[in-house]
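Notes for the one structure printed next.
The values are calculated or read from the model by the stated rules, or taken from the named source; none is laboratory data. What you are looking at is a predicted structure, and each value in this text was computed from that prediction instead of being measured. Every residue, glycine as well, gets a Cβ built from its backbone with ideal geometry; the counts of neighbours run over all protein chains shown.
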Amino acid sequence: MPEPGNSVESDEEPRSFAQRVADPLNSVTWFTMDALWMGKLAWPAYTFAALTVATGLWLLVLGWRKKRGVLLADLGLNCWIAMNTIWLVADLSGRATPFGVTVPLAVIGAGFIALATWRSQDVRRLRLGGR
């Protein structure tokens, strides 16, 4: 009998390095970046912004050969990271947010997330209105 947590008889794939380390690390750096930004601690926020960008790119590299849905989700995540970082730098340096850059990044990122959801889930099988 397999031990609890052992994926021998599970339908789930084993968790990759990206899922076990890079993804949580990206979340921690991003959360810390935003917390430092709210505290108006510019240089620590810039440092964690760089770490967030680096771990986001790391996720892209680690997930490049995975399922297309994973890649699309990581592309969406990285668009959001770029938008958030540009906004942070503009705000902490006293400049206006460059909406001509940040809004397209947000829209493209949302598009990637929507495509990832469509690709990764069974939403294509949904039948609305009894059809």
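Return the only residue of PRO104, PRO44 being of a type outside the set (Phe, Trp, Tyr), touching a helix residue (DSSP H, G or I) at 6+ places or on another chain (Cβ under 6 Å) and free of Cβ contacts under 8 Å to residues at least 12 places away in the same chain. Before you say what the answer is, go through the steps one by one.
Values: PRO104 fails: touching a helix residue (DSSP H, G or I) at 6+ places or on another chain (Cβ under 6 Å).
Only one candidate qualifies: PRO44.
Just wondering, is there one or more residues in the range 68-79 that are surrounded by fewer than 20 Cβ atoms within 10 Å (Cβ to Cβ), of a type in the set (Asp, Glu) and in contact with a helix residue (DSSP H, G or I) (Cβ under 9 Å, 6 or more places away or on another chain)?
There is no residue in the range 68-79 that is surrounded by fewer than 20 Cβ atoms within 10 Å (Cβ to Cβ), of a type in the set (Asp, Glu) and in contact with a helix residue (DSSP H, G or I) (Cβ under 9 Å, 6 or more places away or on another chain).
For the subset of the range 77-131 comprising residues that are at pLDDT below 90 and not in a helix (DSSP H, G or I), which member is nearest to LYS67 (Cα to Cα)?
GLN121
Considering only residues of the range 1-59 that are of a type in the set (Asp, Glu) and surrounded by 14 or more Cβ atoms within 10 Å (Cβ to Cβ), which is modelled with the highest pLDDT?
So the first thing to find is which residues in the range 1-59 are of a type in the set (Asp, Glu), and the list is 3, 9, 11-13, 23, 34.
Cutting the leftovers down to surrounded by 14 or more Cβ atoms within 10 Å (Cβ to Cβ) gives us 23, 34.
Details: ASP23: 90, ASP34: 97.
It comes out as ASP34.
So which residues in the range 32-46 are under 12 Å from VAL89 (Cβ atoms) and more than 17 Å from the chain's Cα centre (by Cα), if there are any at all?
Across the range 32-46, the qualifying residues are TRP37, ALA42, TRP43, ALA45, TYR46.
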